[in-house]
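Note sheet for the following structure.
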Amino acid sequence: MVIAIDGPAGAGKSSVARAVAAALGFTYLDTGAMYRCVGLAAAQRGVAPEQIADQLTIELGERVLLDGVDVTEAIRTPEASEGASRAAAEPTVRRAMVAQQQRIVADGDWVAEGRDIGTVVAPDAALKIFLTASAQERARRRAAQIGADVATVLAEQTIRDERDTTREHDPLAPAADAVELDTTGLSLEDVVARVTALVADRKES
Ligand code: DC
């Protein structure tokens, strides 16, 4: 079974997806980490992301390994976020990542987090959640996470949001059958409780 959790940066997807996976005993899949690895590898090698996307070995788990090298922290810098967003706009990169993601979730129980899980990667997902929060709230959360100031994060976030939602290939948008959940002002526990209740409903029906 696949639970799809999509939405913009800072809506709380990672925390929610991890907690929901733990609560249900499912495995968590962070698809953003894969685009981050492609962006990082491209920057390190000075090549375009579409040239190398299908040559990389990306291992996701407690630590993120890129061709065997631990890049868990390196993929979270502001430069890496920018590189990931650029890589994610390339159709060749998306094709390579989506193919890997579909192989990964083909067996077992997954909570997969990203932008296009419910629309492209797993259109038959048992439950699709589209998490949102106000731009201010998302920037505030991310700033607290990475120890940066809110105004800078908000400015960079606005540019990335614009690119992620207006790109030609698989732009960020909720699936027609997604449940939209605005997490502004909600605690992590509240959101996780709502999602696990929705999963229980789907299992019954
Ligand atoms: O979720 P994140 O911030 O780690 O994602 C990094 C970038 O990759 C971000 O610009 C959105 C993009 N992305 C995507 O286009 N599709 C996904 N399934 C996951 C992430």
(message) So, in region 41-70, how many residues would count as being of a type in the set (D, E, K, R) and outside any helix (DSSP H, G or I)?
(response) 5
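Which residues, taken from region 20-41, are more than 13 Å from the ligand (Cβ to nearest atom) and without any contact (Cβ under 8 Å) to a residue 60 or more places away in the chain?
Filtering region 20-41 for residues more than 13 Å from the ligand (Cβ to nearest atom) gives 20-27, 41.
Matches in region 20-41: Ala22, Ala41.
Quick one: in region 6-16, of everything that is crowded, with 19+ Cβ neighbours inside 10 Å and more than 10 Å from the ligand (Cβ to nearest atom), which residue is nearest to Val105 (Cα to Cα)?
At the first step, the residues of region 6-16 found to be crowded, with 19+ Cβ neighbours inside 10 Å are 6-13, 16.
Add one more test, that the residue is more than 10 Å from the ligand (Cβ to nearest atom), and what stays is 12, 16.
Numbers: Gly12: 22, Val16: 18 Å.
Ranking the qualifying residues of region 6-16, first place goes to Val16.
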(request) Give the residues of region 153-169 that are within 15 Å of Ser81 (Cα to Cα) and exposed (fewer than 14 other Cβ atoms within 10 Å of the Cβ), sorted by residue number. (result) Ala155, Thr158, Ile159, Glu162
(request) Would you mind stating whether Val47 is without any contact (Cβ under 8 Å) to a residue 24 or more places away in the chain and out of contact with any Leu (no Cβ under 6 Å at 6 or more places or on another chain)? (result) yes
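Results for (1) surrounded by fewer than 22 Cβ atoms within 10 Å (Cβ to Cβ); (2) at pLDDT 95 or above, shown as yes or no for each residue.
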site	(1), (2)
Gln51	yes, yes
Asp67	yes, yes
Arg76	yes, no
Thr92	yes, yes
Arg103	yes, yes
Ala122	no, yes
Ala126	yes, yes
Arg140	yes, no
Ala151	yes, yes
(request) Select from region 144-187 the residues that are among the small types (Gly, Ala, Ser) and touching a residue at least 24 places away in the same chain (Cβ under 8 Å) and write down the one among them that is nearest to Gly118 (Cα to Cα). (result) Ala175
(request) Only residues that are crowded, with 17+ Cβ neighbours inside 10 Å and outside any helix (DSSP H, G or I): list them for region 17-40, please. (result) Phe26, Tyr28, Leu29, Asp30
(request) Go through region 27-64 and give me each residue that's over 21 Å from Val2 (Cβ atoms) and hydroxyl-bearing (Ser, Thr, Tyr). (result) Thr57
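The values are calculated or read from the model by the stated rules, or taken from the named source; none is laboratory data. The structure displayed is predicted, hence computed values, not measured ones. Heads up, the Cβs are rebuilt from the backbone with ideal geometry, glycines too, and the neighbour counts pull from every protein chain shown.
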